[in-house]
Structures are given as C-alpha cells and as structure tokens.
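Visitor: Got a structure for you, written out below as structure tokens; questions coming shortly.
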Amino acid sequence: MSIMPNSLSATSNTKINGCINVPGDKSISHRAIIISSIAHGRTKIKGYLTSTDINATINACRAIGAHINEDIDSLVIDGNNLEQRHGDNAELNFGNSGTSMRLMMGVLSAQKFSSVLKGDESLTQRPMNRVMNPLLRMNADIKTSNGTPPVYINPVSFLKCVDHTIEIASAQIKSSIMLAGLYGESAFKIITPQSRNHTEIMLSEFGCNISVKADSIELVPGNLNTPNQIEIPGDISSAAFFIVGSIISRDSQIKINNVGLNPLRIGFIKILKMMGANIQISNERTINGELIGDIYTESSILNGIDIPKELISSSIDELPLIVLAASQANGKTSIRNAEELRVKESDRIFSMIRMMDKFRISTDEFPDGMNIYGGSIKGARVNSYGDHRIAMTALIASLVSDGDILVEDCKNIDTSFPTFIDIANNIGMDIQIND
Ligand code: S3P
C-alpha cells in the first residue's frame, strides 16, 4: 500500500484518455470482511480494496476471533460462526474509517469482552449517537464521549431484537443494527429511507433470511453460511473521479471496466446525464448479487440543474465532484437536502465552498447544500481538510484550471484510493509529490 505524501500538485490543463480498472469497492469490501468473519466456514474475497480504512476493519475482525490471511490478490477468512467471544478488554483504532467503526459497533456490542473504539482527529468529531441509540434499544451497553468517539462498549447477557424506525438515509446505521440483530433471537424490522443496500445483498449471499422492500428491511437471525467466494467490483466512487475528469476536460475519453453499478450508488451518473454528460454503460452483469458493468465517458458540454432530492442519498459521496462538474456547467446548479455532507470525513459543504472560493468560482452556501455558478477555475493552493474525496476532487480540477493546483493534507487519499496518483498519471494527468 502506498504511503501518500502530504501535499501534491497537479499541472493545469491536461486531458485524460485510456482504459482503466479501479480498486475494489470500499463499502462492499468492509461488508465482505465483516460478514465472512462472523459466518460459518472459509470465504475467499477477491478484488478487495487494500487501503487504510479496510485495514481498520480487518484488525477489528481479528479482535472478534476471525482468522484472516492476506493472500496475493485475495483475503481468506475463517469465520467464527457468530461466536460471542470472551477475552481481554480491546482497544481498537479505526483511524479515519467511520464505516468500520459504525458497522463494528453492532458486532462488538454482542461480544463478551469490553472494547474502546478510537479514531483519528476527523473520526473523533463524527456523530456516533445515531448508531449508539438504536443499539441501546437492543440492550447494548455503549457510551460515547458527548456523542463522538471514543466509544466504550461493555458486554451484556443478551441483545434483543426490536423494530426500528430510522429517519436518516444511512447505510451505516441500518447495517450496524442488522449486524447486532444477527446475535438476537427473533425477527425484526427496520423502517428507513433507501440508502446503499450492500449489507442486505451480502447477507443474502450468506444465506441470511432477509427481505427488503423500498422503505423497510425484515431480518430473521440465524447462522450465516459462506458462499465460499466473494468477488468485489471496482469502486464506482473511485471511478467517479475519472468519470467527472473526462467529462469536464477537453479531448478526453475514458473506459472504466468492472465497476459496481448498484442502483443505490449511481445517483451521480443520473445527475451528470441530466446535466448533458455523455456516459455509456455496457457489459452489465450480476456477481454476488451486485450489478457490475463497464463505463465509457467523454468530454461533454454541461448545463446547470436543480439536483432532485431523490438523487441525493445515492450520490452522497460524489457530491463534491458534482460541485466541480457544476463549476464547469453553463448557469447555476443547486444542491439542497444534503445536510449529511456536514458530517462526513470533513464538513464537505464548507470544504467545497472554500475550494470554490480559491478557484474563483461563485457559490451560495446553505445549511443543507449550495448553489454553484459556472465559471473558469483559477490555479490555486487548496486545503483538503484531511478529507480524501476533497483532496482528489481538487486534483481533478487541475484538468480545467488555468494554473497549477496545489493540494495540502493529502495523506488520507490512502484511506480509499492508494493508487489514485498512478492511475491519474498513466492516463494523462501530471500529479507530482510536493512534500
Ligand atoms: C457508507 C455509507 C455512507 C457513505 C460512506 C460509506 C457505507 O455513509 O457516505 O462513505 O459503506 O455504509 P452514511 O451511512 O452515513 O450515509
């Protein structure tokens, strides 16, 4: 795995051309590792993401007794068959990974040892009550530090399955509840707005009795059996950098093979198409319950739009890139109902407003989003606020800027996309290490 330098600079006004693969999907990798770790039998996970966020999940799963071997291009996991492990108090460091911490809160609540869950500076500011509160209703013993990490979990004699209504469209909240519920006794229901459904799909692959409707999930606890092998598709959220890069820059075209196309992840493709982007999808197929395909994109002329509310949850991680695309569109683009952006790895509304200011692009800020007015991007020095997606979005902006772009605080690119610079430079960008 690469050790990402602190600051990077990107030469302005380049173009990108080529056919690439992107690393495995981060969300699906987390789920494959956690669910294999608590299932019965040996699972081989092919195409998983190697990154610091995924390492956090691997470490936590080892703590609950799963045997995990890192083979050349796959992980081999011997699961513990929902054993509730006894042992010493564990201190687990989840680094930057909110997904690892929140999903593992569900699993760790069921163990017979106490745990302290810590994170880096960014994770230590992120809300954990949203996961703790439903788990408390299930009899878990959890404390947070004013709603944020460190999180303290103590063993309880049993977890009880209860029905939940969750107002936030969050895959992490519902997934934590589902994972905790596996250790309970009776069927339960979660009523919640739609969000990425990788946990539901992965649990089905492991034979779980789960039924999913548009706004609810019903799950009957029971042992999980390995399907022997899981193949992880390329991460659409990583592909998104080059999709947007090729659309906004001149004379560019890109094909990205074997990318996950889960309908609850491709909101940004729908948004870009509404703005006028030329995006074509081919070779669609389903592997381990997940839709996969190849994506072709090319330089396009974009027009500003009001982004429909119903596309926000399925594009949440790509909204910084939509802001960049909007800066290159004719007229105004409006993003609203996206208050969840405030509690990501950084406050992404603030981070993107600041970035656009530096680029001399006009914006209006709202509590739940922003307006962006199309213009031309000036070369600038920008800060990522320690946020991997903000750092990579700023580097992609160099494709259309009139001067070079220097991005500070890039280390966390390693959390999700350690090969980003290599891939970008192979297809025509010029990103260099600053220090
Ligand atoms: C994720 C869910 C989303 C997303 C995050 C990954 C997941 O967060 O933003 O990057 O893998 O479950 P929320 O569940 O908070 O919406």
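Visitor: Are there any chymotrypsin sites (Phe, Trp or Tyr not before Pro) in region 107-200 that are in a DSSP loop and have at most 14 other Cβ atoms within 10 Å? List them by number.
Guide: Numbers: sites: 113, 152, 158, 183, 188; in loops: 113, 158, 183.
For chymotrypsin sites (Phe, Trp or Tyr not before Pro) across region 107-200 that sit outside H, G, I, E and B with at most 14 neighbouring Cβ atoms in 10 Å, the list reads 158.
Visitor: To the nearest 10 degrees, how steeply does helix 52-63 sit against the main Cα axis of the chain, on a 0 to 90 scale?
Guide: Taking the Cα atoms of the chain, the angle to 52-63 is about 0 degrees.
Visitor: Right, next: Lysines within cross-link reach of residue 273: Cα-Cα under 24 Å, excluding same-chain residues under 8 positions apart?
Guide: Once the sequence-local lysines are set aside, what remains near residue 273 is 15, 255, 309, 332.
Visitor: Can you spot the lysines whose alpha carbon is less than 16 Å from residue 189's alpha carbon? Ignore those fewer than 8 places along the same chain.
Guide: 160, 174, 213
Visitor: What value, in deg cm²/dmol to 500, does the helix sum -39500 (n - 2.57) over DSSP H runs of n ≥ 4 give at 222 nm once divided by the residues of the chain?
Guide: Taken over the chain, the calculation gives -8500 deg cm²/dmol.
Visitor: Further question: If I stretch the segment between residue 357 and residue 274 completely, what's the gain in nm (0.36 nm per residue apart, minus their alpha carbon distance), one decimal?
Guide: Between residue 357 and residue 274, full extension yields 27.3 nm more.
Visitor: Measure off 7 Å from each Cα along the Cα-to-Cβ vector at residue 228 and residue 67, then give the distance between these two points in nanometres to one decimal.
Guide: 1.9
Visitor: Round to the nearest 10 and give me the degree value, 0 to 90, for the angle of helix 98-108's Cα axis relative to the longest principal axis of the chain.
Guide: 10
Visitor: Continuing with this model, one more query. Which FRET efficiency value, to the nearest 0.05, is calculated for residue 81 and residue 213 with the Förster distance at 30 angstrom and r the Cβ-Cβ distance? Numbers along the way, then the final one.
Guide: Values: r = 29 Å, r/R0 = 0.97.
Calculated value: 0.55.
Visitor: What does the extension gain come out to for residue 186 and residue 152, with contour length at 0.36 nm per residue minus their alpha carbon separation? Let's see the in-between values first.
Guide: Details: separation 34, 0.36 × 34 = 12.24 nm, distance 2.61 nm.
Going from the current span to full extension adds 9.6 nm.
Visitor: A further question follows. What is the packing order of peptides 393-400, 171-178, taking the mean over residues of other C-beta atoms within 10 Å and listing the highest first?
Guide: Working: 393-400: 27.2, 171-178: 25.6.
By packing density, highest mean first, the sequence is 393-400, 171-178.
Visitor: For helix 236-248, report the angle its Cα long axis makes with the longest principal axis of the Cα atoms of the chain; keep it between 0 and 90° and round to the nearest 10°.
Guide: Result, in degrees: 10.
Readers should treat all values here as calculations from the given coordinates under stated rules, not as data from a laboratory. Just so it is clear, the structure is predicted and the values come from calculations on it, not from any experiment. Glycine gets a Cβ as well: all are built from the backbone with ideal geometry, and neighbour counts include every protein chain shown.
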